[in-house]
Amino acid sequence: MCGIVGYVGSRSALDLLVPGLERLEYRGYDSAGVALAEPEGIRIVRKAGRIADLERVLQGEPMPAATVGMGHTRWATHGAPTTSNAHPHRDCTGRVAVVHNGIIENWAELKAELVGNGHVFASDTDTEVVAHLVEELADLPLEEAVRQVMRRAEGALALVVIRADEPDVVVGARRGSPLVVGLGEGENFLASDIPAFLAYTRRMAVLEDDRVVRLDADTATITDLDGNPVAVQERHVEWDLEAAEKGGYPTFMLKEIYEQPQAIADTLRGRFDQAGRVRLRELELSDDVLRAVDKVFVVACGTSYHAAMMAKYAIERWTRLPTEIDIASEFRYRDPVLDDRTLVIGISQSGETADTLAAIRYAKAQGSVVVGVSNVVDSSLAREADAVLYTRAGPEIGVAATKTFTTQLVALQLFGLHLARARGSLDDGAIELLTSGIRALPDQVRRVLELDGEIAEMASRWAGTRDFFFLGRSGDFPVAMEGALKLKEIAYVRAEGYPAGEMKHGPIALIEPGVVVVGVATDSHVRQKTFANMEEMRARGGEIFMVVEEGDEAARKVADHAIAVPAAPDLVCTVTAVVPLQLLAYHIATERGFDVDKPRNLAKTVTVE
Ligand code: F6R
C-alpha cells in the first residue's frame, strides 16, 4: 500500500500535492516525494522518512511554480525504504516520472530487457521499469505509451505518469490497486483515495481495472487498454474528511478487517511460478540450506505468536520437521538448544518487537538459519534475519492486529509449502490441493465479510456478557486463541482461549449459565472431537457459538448459534475462520462503547522488554 496523488490545473501544484500526501499518510510513511512538470524538464524531490521530512527538504529548495505534478508516500514492498528507492522514479533522460502503488510481478524480466537495451537503473524498485518503458515509447502520446506499459506489466498497478514533452497532462492507470479521479473546475486530480482532494472537489470518478485516464486542466478522458473510450461515471462524495480517511468506515480497525481480501491478494502476488507452484524467490535461501535443516523453532509475541502456532502445525504436517514454538520473551531466557541445522522463524508485523528481536539475535549467535516474517520492509527483524518474507498488508493503524495476522498466516503457509517442495516431503497432489486452497482465500474472506450483519446481531446479544471461552483443537486452536485475545484487548472482556480437549482437566469447572463458549471446528482431523467437547460445555449450561465450514450440518446440532465459513483445506481454513471472531470482538467492543483503534494500556509496537 502506498499513497499517490496527481494534479493538473492552474494553482501551484506543490501547494496541493503536499497536503494531499498528508491525507494519504495512513497508506504508508517510509518515504515521500513529489515531481513537477515543466517544458524544460521534471523536477523531483524525494526523501526517506515521513512527509514532514520531505517538507523540510522542500523548504530549503527553490521549487518551480508548476501547475502540473504528482506525489507519493511509500509503504515499501520492494527495495529498502531509502531516498533512492523513494518515488517518483525517472527514466534515463529525466523527462519521464512515475509514481506507483502495487507490485509489478514481472519486473525482473522487464528490467533485464531494459538493461539489455542500455537503460541505467537508479533504484531497487519494481516501479522504475515503468519510467524506462515509457521512455522507450517516446514517439507515442503519453496516454498510449501508458496503455502499452499496462499491457506488458503484470501484477497490481496504480500509476501516475508525467512527461516533460506534454507538460499540461497527467496520465493515470489502474489494475488491482485503487485510483480515483477528482473532477474540479479548471483542475483535475488523481489519488489513491478521496481525502487527498476532498478539500478541493466533491466530484469524483472511480477508475476501474485496466483503464487509463488522461487529465488536463479541463478534461478527463478514460479509455480501456485498446484505446476505446469509456464513459466517466461521476459521483458526489458525501463523506466529511475524517470519514473519508477511514474510507467511510467508522474506525481504522473495521476498515482493516475489510481490507483483508486485498491484503491477502497482495501477499500472494508474484509468489507462484508459471505452473502455479509456490516460489519464494525473494527468500534467497537455497534448497540445499532448507534440506539441511533438522529442526524448526518459531518465535513471536501476541497475535504473531498465534500465527506461529499455526505455522507449527503446517510445518510439521507438510515437512515432517520437528517444530517448536515459543513466546519470544520466554525463548530468550530458557536456553533453547539450537545449532546450525536449526531454522528459526521470527514473526513480527512491526519487525521491532524487543523480545522477538532478542530471540532471533540469540538464534543467530548459535549459528541457526533465521527467517523473518515482517510487514515492515527493512524493519530491524528484516535486516537482521538471514532471509525475510514480507506480508505486504500495508500499514495497520488500529492497535489490534487484524490484516497483519491473516497475511502472516498466508505467508507462513506459503513458506511451509516452499519448504515442503524443497525437501520433497509432500506429493504433487497434496501441494496442488493446498495451493489452490490458499489462492482461493481472497474471495473466501470476501464472502465471510458478507456475514458481518449476522455477527453484529450476536455481538449485541453478548455485549453485557462477562465470561467467554474460545475453544479449538489443532489448527482451530490458534484461531480460538486469537479470537479470545481480540475480545480481551478491545472489549476488555475476560476471554480465555483453550485447547478444547483440555477443558475437562480443570477449566470446565468455570462453565455455567451465562458463559459464552465459542468453538472453532474447521480442521477435519479433529472436528468431531471438538463437537463432543462442545456438547460437554453445553451440558454445563454454556451458550454455544460455533465457527464451522459451510455444509457442516453436524455442527448445527451442538451449537446455539453457528457461522459457516467457506470450506478450505485444513490449516488454510484458519484464515477464514478467524475473520468472524475479529468481527465479533469488534462489534462487542463498539456496543460497549470503547475506542477500538486505541485500546487502553496498549501500544502498537512494544519495543521494551
Ligand atoms: C494484538 C497485537 C499484539 C502484537 C504483539 C506483537 O492485536 O497487536 O499482540 O501482535 O505486540 O507485535 P509484532 O507482530 O509487531 O511483533
Take the residues in the range 359-385 that are of a type in the set (D, E, K, R) and either open to solvent by less than 10 Å² (accessible area, probe 1.4 Å) or in contact (Cβ under 8 Å) with a residue 12 or more places away in the chain (or both), then tell me which one is nearest to Arg74 (Cα to Cα). Asp378
Residue under evaluation Phe477, criteria (1) within 16 Å of the ligand (Cβ to nearest atom); (2) open to solvent by 20 Å² or more (accessible area, probe 1.4 Å); (3) touching a Pro at 6+ places or on another chain (Cβ under 8 Å), criterion not met: (1)
Please list, ordered by residue number, the strands (runs of 3 or more DSSP E) wholly in the range 177-223 having 2 or more residues that are at pLDDT 95 or above and crowded, with 19+ Cβ neighbours inside 10 Å. 180-183, 188-191, 211-215
Do you know which residues across the range 1-54 are open to solvent by 10 Å² or more (accessible area, probe 1.4 Å) and among the polar types (S, T, N, Q)? Ser10, Ser12
Considering only strands (runs of 3 or more DSSP E) fully contained in the range 79-175, which possess at least 3 residues that are surrounded by 24 or more Cβ atoms within 10 Å (Cβ to Cβ) and β-branched (Val, Ile, Thr)? 96-104, 155-163
Would the range 302-322 turn up any residue that is open to solvent by less than 10 Å² (accessible area, probe 1.4 Å), near the ligand (Cβ under 8 Å from one of its atoms) and outside the structural domain of Glu496 (by TED's automatic domain parsing)? no
Identify, from the list Ala420, Ala440, the residue that is surrounded by fewer than 24 Cβ atoms within 10 Å (Cβ to Cβ), at pLDDT 95 or above, under 29 Å from Pro566 (Cα atoms) and out of contact with any strand residue (DSSP E or B) (no Cβ under 6 Å at 6 or more places or on another chain). Ala440
Which one of these is aliphatic (A, V, I, L, M), modelled with pLDDT of 95 or more, under 22 Å from Gln413 (Cβ atoms) and open to solvent by less than 30 Å² (accessible area, probe 1.4 Å): Val448, Val518, Val526? Val448
Let me confirm something: among Ala577, Ala603, Ala568, which residue is within 22 Å of the chain's Cα centre (by Cα), open to solvent by 10 Å² or more (accessible area, probe 1.4 Å) and within 30 Å of Trp318 (Cβ to Cβ)? Ala568
Would the range 546-555 turn up any residue that is buried (at least 24 other Cβ atoms within 10 Å of the Cβ), out of contact with any Ser or Thr (no Cβ under 6 Å at 6 or more places or on another chain) and in contact (Cβ under 8 Å) with a residue 60 or more places away in the chain? yes
Looking at (1) in contact with a helix residue (DSSP H, G or I) (Cβ under 8 Å, 6 or more places away or on another chain); (2) closer than 30 Å to Ile264 by Cβ, can you tell me which one Ala80 breaks? (1)
Hand me the list of helices (runs of 4 or more DSSP H) wholly inside the range 345-456 holding 2 or more residues that are away from the ligand (no atom under 16 Å from the Cβ). 354-365, 403-423, 428-439, 441-449
Anything in the range 386-408 that is surrounded by fewer than 24 Cβ atoms within 10 Å (Cβ to Cβ) and under 18 Å from Ala363 (Cα atoms)? List them, or say none. Asp386, Ala387, Val388
I'd like to know if the range 250-272 contains one or more residues that are more than 20 Å from Thr435 (Cα to Cα), open to solvent by 20 Å² or more (accessible area, probe 1.4 Å) and in a helix (DSSP H, G or I). yes
Of (1) under 19 Å from Ala122 (Cα atoms); (2) open to solvent by 70 Å² or more (accessible area, probe 1.4 Å), Ala65 satisfies all except one. Which? (1)
Pairs, please: C-beta under 8 Å, at least 6 apart or cross-chain, first residue of a type in the set (Asp, Glu) and in the range 587-609, second more than 15 Å from the ligand (Cβ to nearest atom)? Glu591/Ala459; Glu591/Ser460; Glu591/Ala463
In this structure, does Gly541 turn out to be open to solvent by 10 Å² or more (accessible area, probe 1.4 Å), assigned to a loop (DSSP other than H, G, I, E, B) and at pLDDT 95 or above? yes
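The values are calculated or read from the model by the stated rules, or taken from the named source; none is laboratory data. Not measured: the values here are computed from a predicted model. Here Cβ is always computed from backbone atoms with ideal geometry, including for glycine, and neighbour counts include all displayed protein chains. In case anyone asks, the SASA skips ligands and DNA or RNA and just uses the protein heavy atoms, side chains included. Shrake-Rupley method; radii C 1.70, N 1.55, O 1.52, S 1.80 Å.
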